[in-house]
Amino acid sequence: MEKKNILKGVLFVGVGASIYGMLATFVKMSYKGGFTTSEVTTAQFVIGFLGLLILNFIQTITSKKVLSSPTPKEFKMLILAGTSMGFTSLFYYISVQYINVSIAIVLLMQSVWFSVVVESFLTKKLPNLRKVISVGIVLIGTVLATNLINLEVKIDWRGIFWGLLAAASFTMTMFTSNKLATGLPVLRKSIIMLSGGSVIVMLFLFFAQIGPMYFDGLRSFYLNFTENTQHIRSFDYSIFWTYGFILALFGTIIPPILFNLGFPNTGLGLGSIISSLELPVSVTMAYVLLGEQVIFIQWFGIILILFAIVLMNLPSKNELKIAEIS
């Protein structure tokens, strides 16, 4: 039974990671369709919120037992933690405006070693040798996967900046989602966190697109960061029925549910290894649907990053002995 549950967990996490890996390709396609970052993120979060709301309602009326609710403190913490979901989407989607999806996903995966740094800071302990080696391999793999060693290739520094910010925000999402309100039903926890992310997305929509149309002060503030005024326009509602549903399904509904169903069965270590599937899936989707060129050295870099993730999360001999005893 236990092996069956582990296999089920692997399936859930693997499918969730693969679906999430497809997301950036559809974001890039929506940009080519003329939509803005504000419109893309708003459609994703609004439809995602409504979808989770419906699923929560169905679960509540069909459940044979009373579902637990968060305490006021847990509710506030989940809302706050959910803001990192909004920031991750915004930063990640802004980065793919400037760089290829195949490079943006590699930058997002820097959360692998960001998490090591955060864990070391929180526990006030230096990481073990295996984690240090893994971080080194990730960095080498990143240089190869982004093709930085090719001097003829120019990568927009703005894409790198926003991609690394997305990785930092994603690291916070991983830490908080695994620590907060672990006893809450998956759907209830997801919708509360999504509410926090939605606040960030709506604020971005106002300050980056809608607000500057009507307030000169906001327009002047906006122009301090960019001379591009194409995004200052009325909201294009067609995003909801063109790309909105697929962005919501692939970004805010299916992956979080599958991850929350799968991780309890796989454990964090095995789950992290399986979830790294989003990297090759994302690169492959960008190659097939967007026609992005991915050369051999980049694939080798991706393999190195995947190897580092496996190395970092494999149980040690002591952990295996403890597991056998228990």
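Each value in this text was obtained by applying a stated rule to the coordinates, not by laboratory testing. Note that the structure is a prediction, hence the values are computed from the model and not measured. No Cβ is skipped: glycine too gets one built from the backbone with ideal geometry, and neighbour counts run over all protein chains shown.
Worth a mention:
- Annotation for F245 and L53: the two label points, set 7 Å from Cα along the Cα-Cβ direction, are 1.8 nm apart.
- Helices that extend 15 Å or more along their long axis by alpha-carbon positions and average at least 1.6 on the Kyte-Doolittle scale are, among the DSSP H runs of the chain, 129-145, 186-205, 296-313.
- Listed values [x] 17.7; [y] 19.5; [z] 20.7, entry calculated as mean projected area of the Cα convex hull in nm²: [y]
- Mean separation of Cα contacts under 8 Å, 6 or more apart, over the residue count of the chain: relative contact order %: 40
- Spin-label zone in segment 243-263 - amide nitrogen under 20 Å from a point set 7 Å from the Cα of K65 along the C-beta vector: 260-263
- Mean residue ellipticity, 222 nm, helices only, the chain: the sum of -39500 (n - 2.57) across DSSP H runs of n ≥ 4, divided by residue count and rounded to 500, is -24500 deg cm²/dmol.
- Candidates K64, K73, K154: whichever shows maximal mean-square fluctuation once the chain is modelled as a Gaussian network with Cα springs under 10 Å: K64
- Among E39, E292, the ranking by other beta carbons within 10 Å of each residue's beta carbon, starting with the fewest, stands as E292, E39.
- Among the listed pairs K131/K179; K32/K189; K125/K179; K32/K154; K8/K189; K124/K179, those whose Cα-Cα separation exceeds 26 Å are K32/K189.
- Placing a pseudo-label 7 Å from each Cα along the Cα-to-Cβ vector at F296 and L314 gives an inter-label distance of 2.6 nm.
- The spacing between segment 296-313 and segment 160-175, judged by their C-alpha centroids, is 19 Å.
- Additional length obtainable on full extension of the chain from K73 to D236, 0.36 nm per residue less Cα span: 54.9 nm
- Residue exposure sequence - Y237, Y287, Y20 - by fewest surrounding Cβ within 10 Å: Y237, Y287, Y20
- Order of L311, L107, L67 - criterion: other Cβ atoms within 10 Å of each residue's Cβ, fewest first: L67, L311, L107
- When the chain is described by a simple charge dipole with +1 on each Lys and Arg Cβ and -1 on each Asp and Glu Cβ, the residue from T266, V118, F250 located farthest towards its positive end is T266.
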